[in-house]
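Here is the structure we will look at.
The values are calculated or read from the model by the stated rules, or taken from the named source; none is laboratory data. Since we're looking at a predicted model, the values are computed, not measured. Quick reminder, even Gly has a Cβ in these numbers, built from the backbone with ideal geometry, and neighbours come from all protein chains shown. For the accessible areas, the whole protein counts, side chains as well, though only heavy atoms, and no ligand, DNA or RNA atoms are used. Shrake-Rupley method; radii C 1.70, N 1.55, O 1.52, S 1.80 Å.
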Amino acid sequence: MSILTVQNVSFSYHTVQEEVQALRNLSFSVEEGEFVGIIGPSCCGKTTVLNLLSGLFTPTEGEILLRNAPIRKSASRIGLMPQRDQLFAWRTIEKNVCLGLELLRENTPERKEYAIGLLRKYGLGDFIKKHPSELSGGMRQRAALIRTLVIQPDLLLLDEPFSALDFQTRLSVCDDVYKIIRQEKKTAILVSHDINESISLCDKIIVLSKRPATVKEEIPVEISRELTPLQKREDKRFNQYFKKIWSLLEDTNDCGTSKISKKE
Amino acid sequence: MTAEHRKFLKKNRARKIALHLSRILLLFVFIGGWELISYLEIIDPFIISSPSAVVKVIGRLYQSQQLISHVSASLWETVAGFLIATVLGTVIAVLLWFNTFLRDVLEPYLITLNSLPKIALGPIIIVWFGTGKTAIIFMSVLICIIITVIGMLSGFCNVDTEKIMLMRSLKGNKFTVMIKLVFSANIPTLLSVLKINVGLSWVGSIIGEYLSSREGLGYLIVYGSQVFQLDLVMASTVLLCFLAGGMYAVVSLLEKIIRKKFS
Ligand SMILES: Nc1ncnc2c1ncn2[C@@H]1O[C@H](COP(=O)(O)OP(=O)(O)O)[C@@H](O)[C@H]1O
Ligand SMILES: [Mg+2]
């Protein structure tokens, strides 16, 4: 059964200068336990999709259903992991990871215990009382992921979580994130503009057109889920998937139309 | 520890010692030079006074029990102005962050007020508040508050929107975003505003005392220059240096404590 259905969703931004249509008739669905990749040229509207899915924006047209309920009314929970780790410099890692619990008023001893357990399990046990500036980029990313897991979300949304890391860290953090999400049996959507990353992590890849984004094609990735992302890169089908997606991706958008996009 | 590192540390320590010694030396050269020029009458001591005369004047003020009352008058006005302006300015900045419409309405006025030399309002303030301490404190508040509002507000508005999105995705409302994110993220801004306000609040209170008062260091400076007692003017200025420096040191200490708590 699908946990998430996106039906004919369109969305536009309005600025004084212009109206920017970011999404047009976007439809796709995600199964329970699936790791779905959304890939598209930069500025095509990937972050917009995630903001809609996390209920921060409302679609101009169409509907988003999470466990059969409209997303903004749904009791289901969504965990958003933004493009940069966005850990708060003035909080310790423990406090950072418990941010969601505080905001949702679920700061019970058991949940805190769960948070600390996750930190220990994924190699941050020695850094619980440290501040983010004392951690490496990869560790910070792991902490950010744990922050999203602590609230026990039904759906995880990852917005280019590795884009700020250098290549080597990226490969190992990729492996970590994959392992964590599989072990915790989470449903996740990963947004990326990196083809290799998407193939090595995801069970299904949704290729978006350039702006206004719409689904060009859905590609199931049939490489065993038991392999780590690094091992998947060795698989002989990997290159075929790469070529296929490469041919589907269009030229990069010109991001320069709106002021906001320049910040990226 | 390698020999090279030891050498580095040694060099570093030597530099630090040299730094402190040079600072002390500079002070002595200044005071000594001043005394000498005055003693040898290279420049008329009536105009430039001298360190020994300054000490004498301060001693005399102390004996006639005027020192404490003048110093405490100025200090009280300054600290009151400093605290009122910082607290009120920060509160206004918070309110303007919540209400973007009001912020945009007020923006041109804030900018105008910021570039206006507040001293120009001195006479009006005296008409409104009389010649007491209230007028002086008001002057001090007026000089500090605009820059506090502008500084804090621009700090608040510079918080990463992705962080705000993150908090909102966790069902945080605007109030929690303010407390847990925007304000906390701007503690360093607040500290630098405090440092600026130390200097500005002294400007405010001394100017206020110039305009109207019977007490305080600003009064002593004006009085001294009117009756050509330059020793008194210099002594008051020296006292002012110590007070302002002391207040800055207190703020720096506060900063150190807070920074330690955050990392
Ligand atoms: N707040 C906004 N106001 C106006 N236009 C926006 C805003 N946010 C994004 N856009 C525009 O919408 C398009 C899609 O943005 P985004 O979803 O961030 O792209 P991506 O994440 O794929 O790089 C871009 O062209 C961007 O300029
Ligand atoms: Mg993006």
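When A:Cys43 is tested against (1) touching a Leu at 6+ places or on another chain (Cβ under 8 Å); (2) within 16 Å of ligand 1 (Cβ to nearest atom), exactly one condition is not met: (1).
If you check B:Ile143 against the conditions, is it in contact with a helix residue (DSSP H, G or I) (Cβ under 7 Å, 6 or more places away or on another chain) and crowded, with 24+ Cβ neighbours inside 10 Å? Considered against the rule, which asks whether it is in contact with a helix residue (DSSP H, G or I) (Cβ under 7 Å, 6 or more places away or on another chain) and crowded, with 24+ Cβ neighbours inside 10 Å, B:Ile143 comes out as yes. Consider the range A:149-170 and keep the residues that are within 14 Å of another protein chain (Cβ to nearest Cβ) and surrounded by fewer than 19 Cβ atoms within 10 Å (Cβ to Cβ). The one that is nearest to ligand 1 (Cβ to nearest atom) is A:Ser163.
Given the conditions (1) within 13 Å of ligand 1 (Cβ to nearest atom); (2) open to solvent by 40 Å² or more (accessible area, probe 1.4 Å); (3) closer than 15 Å to A:Val36 by Cβ, and given that A:Glu222 satisfies all but one, which numbered condition is not satisfied? Checking A:Glu222 against (1) within 13 Å of ligand 1 (Cβ to nearest atom); (2) open to solvent by 40 Å² or more (accessible area, probe 1.4 Å); (3) closer than 15 Å to A:Val36 by Cβ, the one that fails is (1). Of everything listed in (1) more than 14 Å from chain A (Cβ to nearest Cβ); (2) buried (at least 18 other Cβ atoms within 10 Å of the Cβ), the single unmet condition for B:Leu106 is (2). Residues of the range A:117-142 that are among the small types (Gly, Ala, Ser), more than 13 Å from chain B (Cβ to nearest Cβ) and in a helix (DSSP H, G or I): A:Gly117, A:Gly125, A:Gly137, A:Gly138. For the range B:225-237, the condition of being of a type in the set (Gly, Ala, Ser), farther than 30 Å from A:Ala89 by Cα, open to solvent by 40 Å² or more (accessible area, probe 1.4 Å) and away from chain A (no Cβ under 14 Å) holds for at least one residue. Within the range B:108-124, being without any contact (Cβ under 8 Å) to a residue 60 or more places away in the chain and touching a helix residue (DSSP H, G or I) at 6+ places or on another chain (Cβ under 9 Å) holds for B:Leu110, B:Ile111, B:Leu113, B:Asn114, B:Leu116, B:Leu121.
State whether the residues of the range B:50-57 include one that is under 27 Å from B:Leu190 (Cα atoms) and charged (D, E, K, R). No, every residue in the range B:50-57 fails to be under 27 Å from B:Leu190 (Cα atoms) and charged (D, E, K, R).
For the range B:154-169, the count of residues that are assigned to a helix (DSSP H, G or I), open to solvent by 20 Å² or more (accessible area, probe 1.4 Å) and away from chain A (no Cβ under 14 Å) is at least one. Can you find a residue in the range A:172-180 that is away from ligand 2 (no atom under 16 Å from the Cβ), modelled with pLDDT under 90 and on the phi > 0 side of the Ramachandran plot? So far as the range A:172-180 goes, no, none of its residues is away from ligand 2 (no atom under 16 Å from the Cβ), modelled with pLDDT under 90 and on the phi > 0 side of the Ramachandran plot. Among the residues of the range A:17-38, none qualifies, meaning not one is without any contact (Cβ under 8 Å) to a residue 40 or more places away in the chain and within 16 Å of ligand 2 (Cβ to nearest atom).
Can you spot a residue in the range B:195-206 that is part of a helix (DSSP H, G or I), in contact with a helix residue (DSSP H, G or I) (Cβ under 9 Å, 6 or more places away or on another chain), over 30 Å from B:Lys56 (Cα atoms) and within 14 Å of chain A (Cβ to nearest Cβ)? No: the range B:195-206 contains no residue that is part of a helix (DSSP H, G or I), in contact with a helix residue (DSSP H, G or I) (Cβ under 9 Å, 6 or more places away or on another chain), over 30 Å from B:Lys56 (Cα atoms) and within 14 Å of chain A (Cβ to nearest Cβ).
Out of B:Leu113, B:Leu88, B:Leu96, report the one residue that is at pLDDT below 95 and within 30 Å of B:Val182 (Cβ to Cβ).
None of the other options fit; the residue is B:Leu113.
Among the residues making up the range A:171-203, those that are open to solvent by 10 Å² or more (accessible area, probe 1.4 Å) and more than 21 Å from A:Glu218 (Cα to Cα) are A:Leu171, A:Ser172, A:Asp175, A:Asp176, A:Lys179, A:Arg182, A:Gln183, A:Glu184, A:Lys185. Counting only strands (runs of 3 or more DSSP E) that sit wholly inside the range A:1-106, those with at least 2 residues that are surrounded by 15 or more Cβ atoms within 10 Å (Cβ to Cβ) and away from chain B (no Cβ under 14 Å) are A:2-14, A:19-31, A:35-39, A:61-66.
Residues that are within 30 Å of B:Ile31 (Cα to Cα), at least 1 per element: which helices (runs of 4 or more DSSP H) completely within the range B:49-116 meet that? Output list reads B:51-63, B:67-98.
Each residue in the range A:157-215 was checked for being of a type outside the set (S, T, N, Q) and part of a helix (DSSP H, G or I), and 17 pass.
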